[in-house]
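Notes follow the structure.
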């Protein structure tokens, strides 16, 4: 048994585990891969959440930590996927202001970013399920496709940065609160779009 203390990303995973598990179960109960219609509603959840986190990708402080920040954003891919699956046009201005304001402190923003990045890692299984509906990285499931360098490598780039940061106790708490808030926001979108 190792005496090595858990990394920050491991502690964050443990702190948000319950909400994450409930969310995964709730999404899968809606059977998002039972039909293209079900999948369309799932992608609408994704659109709402990625609208919420859009300010992350315009932050200079995050870009300094993650030089590939801009290419990590998947909002445009989600929009195109919705067109592919013939979703009704969405006026995103009707979504209101993003849940994560541009002026959120860095630790809170990183907590939200952890959830976004983790969803990309977890998208591997979802991408395979979408393929059964005839969807792929060119049509309908772009936002679920892995990074060209590989999902795990991309995830490790993020968690390596996160684990190396020097954060005080207040920032550590804000990091956890940010991740939990992000998961709860997705819960709200699931309730709206998937019932």
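The values are calculated or read from the model by the stated rules, or taken from the named source; none is laboratory data. Predicted, not measured: the structure shown is a model, and the values here were computed from it. Here the Cβ positions follow ideal geometry from the backbone for every residue, glycine too, while neighbour counts run over all protein chains shown.
How about region 43-98: which helices (runs of 4 or more DSSP H) wholly inside it have at least 2 residues that are at pLDDT 95 or above and under 29 Å from residue 165 (Cα atoms)?
60-65
Looking at region 49-56, is at least one residue under 16 Å from the mean Cα position of the chain (by Cα) and closer than 18 Å to residue 137 by Cβ?
Within region 49-56 (the criterion being under 16 Å from the mean Cα position of the chain (by Cα) and closer than 18 Å to residue 137 by Cβ), the answer is yes, since at least one residue qualifies.
Across region 15-64, what is the total count of residues that are surrounded by 14 or more Cβ atoms within 10 Å (Cβ to Cβ) and either in contact with a strand residue (DSSP E or B) (Cβ under 7 Å, 6 or more places away or on another chain) or free of Cβ contacts under 8 Å to residues at least 24 places away in the same chain (or both)?
The qualifying residues number 3.
If residue 101 meets every condition in (1) loosely packed, with under 14 Cβ neighbours inside 10 Å; (2) modelled with pLDDT under 95; (3) assigned to a helix (DSSP H, G or I); (4) touching a helix residue (DSSP H, G or I) at 6+ places or on another chain (Cβ under 9 Å) apart from one, which number is that one?
(3)
Residue 70 - would you say it is in contact with a helix residue (DSSP H, G or I) (Cβ under 8 Å, 6 or more places away or on another chain) and either over 18 Å from residue 121 (Cβ atoms) or free of Cβ contacts under 8 Å to residues at least 60 places away in the same chain (or both)?
Judged against the criteria, residue 70 is a match.
Please enumerate the residues belonging to region 124-143 that are touching a strand residue (DSSP E or B) at 6+ places or on another chain (Cβ under 9 Å) and part of a helix (DSSP H, G or I).
Passing the criteria: 127, 130, 142.
Looking only at region 144-158, which residues are assigned to a helix (DSSP H, G or I) and either free of Cβ contacts under 8 Å to residues at least 12 places away in the same chain or more than 22 Å from residue 125 (Cβ to Cβ) (or both)?
153, 156
State whether the residues of region 159-177 include one that is within 22 Å of residue 73 (Cβ to Cβ), modelled with pLDDT of 95 or more and not in a helix (DSSP H, G or I).
Yes, there is a match, as at least one residue in region 159-177 is within 22 Å of residue 73 (Cβ to Cβ), modelled with pLDDT of 95 or more and not in a helix (DSSP H, G or I).
Here are 78, 83: which of them is surrounded by 20 or more Cβ atoms within 10 Å (Cβ to Cβ) and within 22 Å of residue 192 (Cα to Cα)?
78
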